[in-house]
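Accompanying notes for the structure given below.
The values are calculated or read from the model by the stated rules, or taken from the named source; none is laboratory data. None of these values were measured; they are calculated from a predicted model. Note that we place each Cβ from the backbone using ideal geometry, even for glycine, and neighbour counts take in every protein chain shown. These area figures cover heavy atoms from the full protein model, side chains too; ligands, DNA and RNA do not enter into them. Shrake-Rupley method; radii C 1.70, N 1.55, O 1.52, S 1.80 Å.
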Amino acid sequence: MPRNVLVLTGAVLALFAAMLVGILVGPAGLTPGGVLLDIADRLPLVDVDSGLSTRQQAILWNIRMPRVVLGVLVGAMLAIAGAAYQGVFRNPLADPYLLGVSSGAGLGATLAIVVGGAAGFAGVPIAAFAGGLLAVGATYSLGRTVGGSRSEVVIILAGVAVAAFANAIQTFFMQLHDDTLRQVYSWMLGRLSTDGWSDVVVVLPYVVVTVAIIALHRRTLDVMAVGDVEAASLGINPARVRLLLVCVATLGTAAVVSASGLIGFVGIVVPHAVRLLAGPGHRLLLPLSLLVGASFLVLADVLARTVMSPAELPIGVVTAAIGAPFFLVVLRRSRGVR
């Protein structure tokens, strides 16, 4: 069996194992056999008795499963978007929040909460989605206007400026409405709590389209890694490809962020770690980043639910606690390799 197939098969099995752990962990006792049989029972032409009670089935399909599937979508999207960003900018430090997605989404969510109060929390996903897209639009317009031949570098700097400006406005409104601080911070620190399958249904089309477009450009990303001049000599328009991939990666990121809140380090640590293990080729890097990112976030959510049980730790705290020191180790190792 080819090495790439073996690696991808292992990553798929690891994801299934992580999902099973995410489904099983919790105060309501569910057995692995019962869960697997109940899932099989939902398949066409399969009729088996899982042994789960009606209450256990409700917990499985209305609480645990939607949360785990949402974690898979969010983790996969952040990781593959991070790999795309790092590819188009040729910068291993790039991530989905680089161009102001997180700051714009945070500002949009804050405005929805402080303007609408408790009722406004229902509009947070839409406001966060719009804020993330507007921030990236401003970043890219500014970077392209003043960047010239160094547009990819200036775009990153423009993202820092736009993020700082959005954070300043967000802080201003939070100070004016300090009674909403708890709601704002609960969203900003990230969470995967769901009301059934509604969040999954909303996010899924964006993730599918984004992943498909990025995957179709995997060879183009390999060519762009050698430089814009070389890519152009091979018939590729680097500026057009960069704009397309940044737009679709941002769209997918804004969609999942609107449902999960701000979850950091997935998009920067996972692709970088996968690159060290599997090499820089995007043919393997992209699917591996997707699978590892999904597994990582599902397991991080398990920790968030159990570390302070019965209370729940924000998942953004868990990913930062794991991702920050791991990223420092990765940087140290990569420096040693060079």
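Out of contact with any helix residue (DSSP H, G or I) (no Cβ under 9 Å at 6 or more places or on another chain), open to solvent by less than 50 Å² (accessible area, probe 1.4 Å), at pLDDT 90 or above and among the aliphatic types (A, V, I, L, M): which single residue out of A81, A58, A18, A11 fits that description? Break it down into steps so the answer makes sense when it comes.
Details: A81 fails: out of contact with any helix residue (DSSP H, G or I) (no Cβ under 9 Å at 6 or more places or on another chain); A18 fails: out of contact with any helix residue (DSSP H, G or I) (no Cβ under 9 Å at 6 or more places or on another chain); A11 fails: out of contact with any helix residue (DSSP H, G or I) (no Cβ under 9 Å at 6 or more places or on another chain).
Sole residue among the options that is out of contact with any helix residue (DSSP H, G or I) (no Cβ under 9 Å at 6 or more places or on another chain), open to solvent by less than 50 Å² (accessible area, probe 1.4 Å), at pLDDT 90 or above and among the aliphatic types (A, V, I, L, M): A58.
Tell me yes or no: at least one residue of the range 195-215 is modelled with pLDDT under 90, over 26 Å from I315 (Cβ atoms) and either surrounded by 14 or more Cβ atoms within 10 Å (Cβ to Cβ) or of a type in the set (S, T, N, Q) (or both).
The answer is no; no qualifying residue exists.
Can you tell me which residue in the range 140-160 is modelled with the highest pLDDT, limited to those that are of a type in the set (A, V, I, L, M) and surrounded by 16 or more Cβ atoms within 10 Å (Cβ to Cβ)?
That would be A158.
Is it the case, given these coordinates, that L221 is open to solvent by 30 Å² or more (accessible area, probe 1.4 Å) and under 17 Å from S289 (Cα atoms)? Steps first, please.
Numbers: open to solvent by 30 Å² or more (accessible area, probe 1.4 Å): no; under 17 Å from S289 (Cα atoms): yes.
Considered against the rule, which asks whether it is open to solvent by 30 Å² or more (accessible area, probe 1.4 Å) and under 17 Å from S289 (Cα atoms), L221 comes out as no.
Looking for something modelled with pLDDT of 90 or more, surrounded by 13 or more Cβ atoms within 10 Å (Cβ to Cβ) and charged (D, E, K, R) - is there at least one such residue anywhere in the range 41-51?
As a first pass, look at the range 41-51 and keep what is modelled with pLDDT of 90 or more: none.
No, the range 41-51 contains no residue that is modelled with pLDDT of 90 or more, surrounded by 13 or more Cβ atoms within 10 Å (Cβ to Cβ) and charged (D, E, K, R).
Quick check: is even one residue across the range 186-202 out of contact with any strand residue (DSSP E or B) (no Cβ under 6 Å at 6 or more places or on another chain), within 15 Å of V101 (Cα to Cα) and assigned to a helix (DSSP H, G or I)?
yes
Quick test of your reading of the structure: W187 fulfils all but one of (1) surrounded by 20 or more Cβ atoms within 10 Å (Cβ to Cβ); (2) over 29 Å from V318 (Cα atoms). Name the failing condition by number.
(2)
Among the residues of the range 297-309, are any of a type in the set (D, E, K, R) and modelled with pLDDT of 90 or more?
Residues of the range 297-309 that are of a type in the set (D, E, K, R), as a first pass: 301, 305.
Subsequent filtering for residues that are modelled with pLDDT of 90 or more retains 301, 305.
Checked the range 297-309: at least one residue is of a type in the set (D, E, K, R) and modelled with pLDDT of 90 or more.
Has the range 92-112 got any residue that is over 15 Å from the mean Cα position of the chain (by Cα), surrounded by fewer than 24 Cβ atoms within 10 Å (Cβ to Cβ) and either charged (D, E, K, R) or modelled with pLDDT under 80 (or both)?
yes
If G33 satisfies all but one of (1) part of a helix (DSSP H, G or I); (2) surrounded by 14 or more Cβ atoms within 10 Å (Cβ to Cβ); (3) not polar (S, T, N, Q), what's the number of the condition it fails?
If we test G33 against (1) part of a helix (DSSP H, G or I); (2) surrounded by 14 or more Cβ atoms within 10 Å (Cβ to Cβ); (3) not polar (S, T, N, Q), just (2) comes out false.
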